[in-house]
Amino acid sequence: MSILAEFDIQLLRPIHHCRIESLDNLLLWLSGSTYYVAAGIILCLGIAALLHNPQKFRHSFARILMMLSSVILAVLALKYTILRTRPFEAYSDIENLSAATSPSFPSGHTAVAFSIALGFMFSGINRLYYLPLLAWATAVAYSRMALGAHFPSDVLTSIANALIAALLICRQGQNRSQNMTV
């Protein structure tokens, strides 16, 4: 076993084994909420773009949608290229507490949650909105490891993927804004 793989499982074991088992249902709910919350936020932002301040909300809506789309495509490409085994499949002491069936690397739930949270953060939206989203995204990431569905490197790669997409798309938006004012 490689040093990195050994380090990964040594990080995962305390997260998985030291979780508060009476909170497993909450962890499952958090994990399961990811796609519904993301879809709801995108829908609400899209409606706000149509009804309220179209210019401001349209830019935020477009950026977050682009971030989410690019991150999902990257996750799917990595997942089905690398085909990493789930922790519960590779190690008998890790329980399968989720309904995870696809390859492990990277975490789709974490990528989606952080794409939404970082999208809000880098779109200039009030921090009263993005701080709770960052907390939720962090809880989703933790839940994926505690439930035995992902290694820490799966989760960290997803966060990095979302951060890179957010930075690139926001930078592209800034460049476009500067070009329009010149």
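The values are calculated or read from the model by the stated rules, or taken from the named source; none is laboratory data. Model, not experiment: these values are computed from the prediction. Backbone-built Cβ (ideal geometry, glycine too); neighbour counts: all protein chains shown.
Before moving on, here are some points about what is shown:
- Selected residue (only one of Ala146, Ala99, Ala139 is within 14 Å of the chain's Cα centre (by Cα) and either modelled with pLDDT of 90 or more or over 20 Å from Ala77 (Cβ atoms) (or both)): Ala139
- Every residue from segment 34-81 that is surrounded by fewer than 18 Cβ atoms within 10 Å (Cβ to Cβ), of a type in the set (Val, Ile, Thr) and within 18 Å of Ile164 (Cβ to Cβ): Ile72, Thr81
- The number of residues in segment 10-53 being touching a helix residue (DSSP H, G or I) at 6+ places or on another chain (Cβ under 7 Å) and farther than 18 Å from Leu65 by Cα comes to 8.
- Segment 68-111, residues that are touching a Leu at 6+ places or on another chain (Cβ under 7 Å) and either closer than 22 Å to Trp136 by Cβ or hydroxyl-bearing (Ser, Thr, Tyr) (or both): Leu97, Ser98, Pro106
- Output for segment 92-110, where each listed residue is over 23 Å from Leu23 (Cβ atoms) and of a type outside the set (Ser, Thr, Tyr): Pro103, Phe105, Pro106
- Residue list for segment 99-116, restricted to those being surrounded by 19 or more Cβ atoms within 10 Å (Cβ to Cβ) and either without any contact (Cβ under 8 Å) to a residue 24 or more places away in the chain or polar (S, T, N, Q) (or both): Ser104, Ser107, Thr110, Ser115
- Residue list for segment 134-152, restricted to those being part of a helix (DSSP H, G or I) and closer than 14 Å to Arg13 by Cβ: Met145, Ala146, Pro152
- Cβ pairs under 6 Å, 6+ apart, first in segment 14-27 and of a type in the set (D, E, K, R) and at pLDDT below 95, second surrounded by 10 or more Cβ atoms within 10 Å (Cβ to Cβ) and not in a loop (DSSP other than H, G, I, E, B): Arg19/Ala146
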